[in-house]
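Engineer: My structure is below; once you've seen it, I'll send some questions.
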Protein chains: 4
Amino acid sequence: MNDPQSAQMKICIDECLACYRECLATAMHHCLQAGGEHTEPRHFTLMIACAEICRTSAHFMLIGSEHHRHLCGECAEICTECAQDCERIGGMQNCVDACRRCAESCRKMAA
Amino acid sequence: MNDPQSAQMKICIDECLACYRECLATAMHHCLQAGGEHTEPRHFTLMIACAEICRTSAHFMLIGSEHHRHLCGECAEICTECAQDCERIGGMQNCVDACRRCAESCRKMAA
Amino acid sequence: MNDPQSAQMKICIDECLACYRECLATAMHHCLQAGGEHTEPRHFTLMIACAEICRTSAHFMLIGSEHHRHLCGECAEICTECAQDCERIGGMQNCVDACRRCAESCRKMAA
Amino acid sequence: MNDPQSAQMKICIDECLACYRECLATAMHHCLQAGGEHTEPRHFTLMIACAEICRTSAHFMLIGSEHHRHLCGECAEICTECAQDCERIGGMQNCVDACRRCAESCRKMAA
């Protein structure tokens, strides 16, 4: 089978799934246990939205839809916003790092 | 509980989930059985991409993310393209109709 | 196109998607705003798990996988548990009702 | 943050997401291009069902739902069946390997 995914796309799928894992697990474990700012609707919704756009962007790359570019562009936006909000609240450096790496990778795919 | 979803958003979630159902079931039953043009990669991938963006747009509206606007904008694009391709091939009028209704509803949410 | 979904299956897909909508929106709006018991990890995780199993069970019925029976069986279990927990906490009657209807419908598909 | 995921669970999430990627990409690229037995409804539906149960099992482990055990049990069943069917048709060894590794890992989580 010819490989339909470029090396750059494979890396982007890696980063999207890594960020999906980190955001979803952090929201559902760390944030729910910590409470306070962590479950404030704006922050928590952003975490869940970030997990979902990462999951969907990976899906579009895997199925080979040319529309993955637009999804990756939106993913870069949401990841950047999520990284900033996690940094503001603090104590979620793994999530900040995963979001920044994913945003950088998605930005290249969207270009 | 205060209802966070406007009447317009509820309708858009309805249309997104209806289109998700129609595109996914049509691809996985009608298209796989018919073969030929129906399983040609460009068409089949578009059907699956359309089902997925509809599912995700509904999800973003349900969680209350403000980013639903961008997802709905992309959803309107993909649904319009899917309607045209189903019309070109023929025999999938339910799918054409669901895609057009969803595109119209998503366009309003994106505005 | 021959219709691959029985009338009973169509109803079950309806109930699964209705329960997915109700559980996800209630968790992300009502529960996050109310806090306290509503964002206690055990309850909130159950709401999100219920939304996800409903979404997945509908997906398996739509793609026509014979494994939908096992997913529907698990969906009935989780919906019943979610209905009980929402009833215990109170103020989420729409969610209780959607979970009970979905559980009943999924139990028939699983049989 | 205390880590809620055991080493064994982390490996299982890895295997589920690896199998999701392999099955979905193989179905949507290799199978659609090859046609014939590869797009025969029973085989293609099994590939898509396998991708979806892997995606969902990972999700249940990430959110920390105790119901992940039942999802992982079902995932092991579907992956085993998918591996056998890919082996029967041939030319999809990467998919066979990913399915077998995922099935083995999920079986441990389900126990």
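What follows draws every value from the coordinates through simple rules; no lab data is involved. From a predicted model like this one, the values you see are computed outputs, not experimental measurements. Heads up, the Cβs are rebuilt from the backbone with ideal geometry, glycines too, and the neighbour counts pull from every protein chain shown.
Engineer: On the basis of being assigned to a helix (DSSP H, G or I) and over 26 Å from A:T26 (Cα atoms), does D:C86 make the cut? Please lay out each step first, then the result.
Structural biologist: Working: assigned to a helix (DSSP H, G or I): yes; over 26 Å from A:T26 (Cα atoms): yes.
Taking the combined requirement at face value, the residue satisfies it.
Engineer: Something else about it: Can you tell me which condition B:A98 does not meet? The list is (1) touching a residue at least 24 places away in the same chain (Cβ under 8 Å); (2) surrounded by fewer than 20 Cβ atoms within 10 Å (Cβ to Cβ); (3) assigned to a helix (DSSP H, G or I), and all the others hold.
Structural biologist: (2)
Engineer: Moving on. Quick check on my filter: what residues within segment A:1-26 are part of a helix (DSSP H, G or I) and at the interface with chain D (Cβ under 9 Å from one of its Cβ atoms)? Steps first, please.
Structural biologist: At the first step, the residues of segment A:1-26 found to be part of a helix (DSSP H, G or I) are A:7-26.
A:I13, A:L17, A:Y20, A:R21, A:L24, A:A25, A:T26 - these are the residues of segment A:1-26 that are part of a helix (DSSP H, G or I) and at the interface with chain D (Cβ under 9 Å from one of its Cβ atoms).
Engineer: Name the pairs whose Cβ atoms lie under 8 Å apart, with the first residue in segment D:3-29 and touching a residue at least 60 places away in the same chain (Cβ under 8 Å), the second among the polar types (S, T, N, Q) and surrounded by fewer than 24 Cβ atoms within 10 Å (Cβ to Cβ), and 6 or more positions between them or separate chains?
Structural biologist: Pairs that qualify, where the first residue is touching a residue at least 60 places away in the same chain (Cβ under 8 Å) and the partner is among the polar types (S, T, N, Q) and surrounded by fewer than 24 Cβ atoms within 10 Å (Cβ to Cβ), are D:E22/D:N94; D:T26/D:N94.
Engineer: Going through A:T56, A:T80, A:T26 one at a time, which residue ends up being in contact with a Cys (Cβ under 9 Å, 6 or more places away or on another chain) and surrounded by fewer than 20 Cβ atoms within 10 Å (Cβ to Cβ)? Don't jump to the end; show me each part of the working.
Structural biologist: On the way: A:T56 fails: surrounded by fewer than 20 Cβ atoms within 10 Å (Cβ to Cβ); A:T26 fails: surrounded by fewer than 20 Cβ atoms within 10 Å (Cβ to Cβ).
Result: A:T80 is the single residue among A:T56, A:T80, A:T26 that is in contact with a Cys (Cβ under 9 Å, 6 or more places away or on another chain) and surrounded by fewer than 20 Cβ atoms within 10 Å (Cβ to Cβ).
Engineer: Here's another thing I want to ask about it. Of everything in segment D:27-63, what is within 11 Å of chain C (Cβ to nearest Cβ) and polar (S, T, N, Q)? Give them in sequence order.
Structural biologist: Hits for segment D:27-63 are D:T45, D:T56, D:S57.
Engineer: Given the options B:G64, B:G73, name the one that is surrounded by fewer than 20 Cβ atoms within 10 Å (Cβ to Cβ) and either farther than 25 Å from C:P4 by Cα or not charged (D, E, K, R) (or both).
Structural biologist: After applying the criteria, what remains is B:G73.
Engineer: Out of (1) within 30 Å of D:C86 (Cβ to Cβ); (2) touching a residue at least 24 places away in the same chain (Cβ under 8 Å), what's the single condition that is false for A:F60?
Structural biologist: Answer for A:F60: the failing condition is (2).
Engineer: Just name the residue that is nearest to the chain's Cα centre (by Cα) out of those in segment D:74-91 that are over 30 Å from C:C75 (Cβ atoms) and of a type outside the set (G, A, S).
Structural biologist: Filtering segment D:74-91 for residues over 30 Å from C:C75 (Cβ atoms) gives D:87-91.
Add one more test, that the residue is of a type outside the set (G, A, S), and what stays is D:87-89.
Numbers: D:E87: 15, D:R88: 17, D:I89: 18 Å.
It comes out as D:E87.
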